Amino acid sequence: WGSAKGLSISQDGADADNKVDEVSEVIFDLSDGGRGVGETWINGTVTVAHDGVTMDGLRLHNYYGPLKFEGTDIDNFTLKHSYVTGFNAPDAFKYIDTDGVKSTGWLLDGNLIGGVSGGVGGSLYLTGMEDVVVSDNVFWRPGAAHMYIEDVTNVDFIDNFYLQGLHA
């Protein structure tokens, strides 16, 4: 857990729920303390290599990829209320499972993913997944919030906000 565990990335003053639907609602966290607490910054790479990992309330920031996955068949991964930013586009949030057995049970909820610092590419890549929920996130890439989704089954994208447009 990070110090911002459970704290939204949106200011969300006018909506009845946590849905981010206006640029003015997004706390871009350009300086520490935007959510009222000192952020737990990890200026390096976190590598997930096991099932059942939950990350909540973190600021993951690294030009060479703040979040990576080792191996395939990683099930039940959860990322909530976190920032994944500052990466070179080829080192984006990327999970590629091509072994023929889809990874399942992922939840990506209430995050800001993007802020690409260089290169050509997108904010999110998901391949070989099933029964996944991607909800209430802000995808931010100067120019567009590119998404690459391939070979997925029952993946729900719900109430996400694509700052500066969406290319999918």
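None of the figures in this text is laboratory data; all of them are computed from the coordinates on show. Only a predicted model underlies this, so the values are computations on that prediction, with no experimental measurement involved. Note that we place each Cβ from the backbone using ideal geometry, even for glycine, and neighbour counts take in every protein chain shown.
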Check your understanding: What number comes out for the charge environment of PRO90, summing +1 per Lys or Arg and -1 per Asp or Glu over other residues with Cβ under 14 Å away?
Key -> +2
Check your understanding: At a Förster distance of 41 Å, what's the computed FRET efficiency of TYR148 paired with SER8, Cβ-Cβ distance as r, to 0.05?
Key -> 0.95
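Determine Rg/Rh for the stretch 94-155; Rg is computed over alpha-carbon atoms and Rh is the Kirkwood hydrodynamic estimate from the same atoms.
0.99
From the Cα gyration tensor of the stretch 53-94, with a ≥ b ≥ c the square roots of its eigenvalues, which class applies: rounded if a/c is under 1.5, or else prolate if a/b is larger than b/c, or else oblate?
oblate
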Review point. All other residues with a Cβ under 10 Å from the Cβ of LEU79 taken together, and with Lys, Arg as +1 and Asp, Glu as -1, what is their net charge?
Key: -1
**Study point:** Inter-label distance for ALA49 and VAL155, nm, one decimal - labels placed 7 Å from Cα along Cα-to-Cβ
**Key:** 2.5 nm
Review point. Hey, got the dipole for the stretch 40-168? About the Cα centre, +1 on K and R Cβ, -1 on D and E Cβ, debye to the nearest 20?
Key: 640 debye
**Study point:** Backbone N within the stretch 65-95 under 16 Å of label point (7 Å from SER117 Cα along the Cβ vector)
**Key:** 65-68, 83-93
Exercise for review: Measure off 7 Å from each Cα along the Cα-to-Cβ vector at TYR64 and ASN76, then give the distance between these two points in nanometres to one decimal.
Suggested key: 3.2 nm
Practice item. Just add up the charged neighbours of ASN154: K/R +1, D/E -1, any other residue whose Cβ is under 13 Å from the Cβ of ASN154. Key: -3
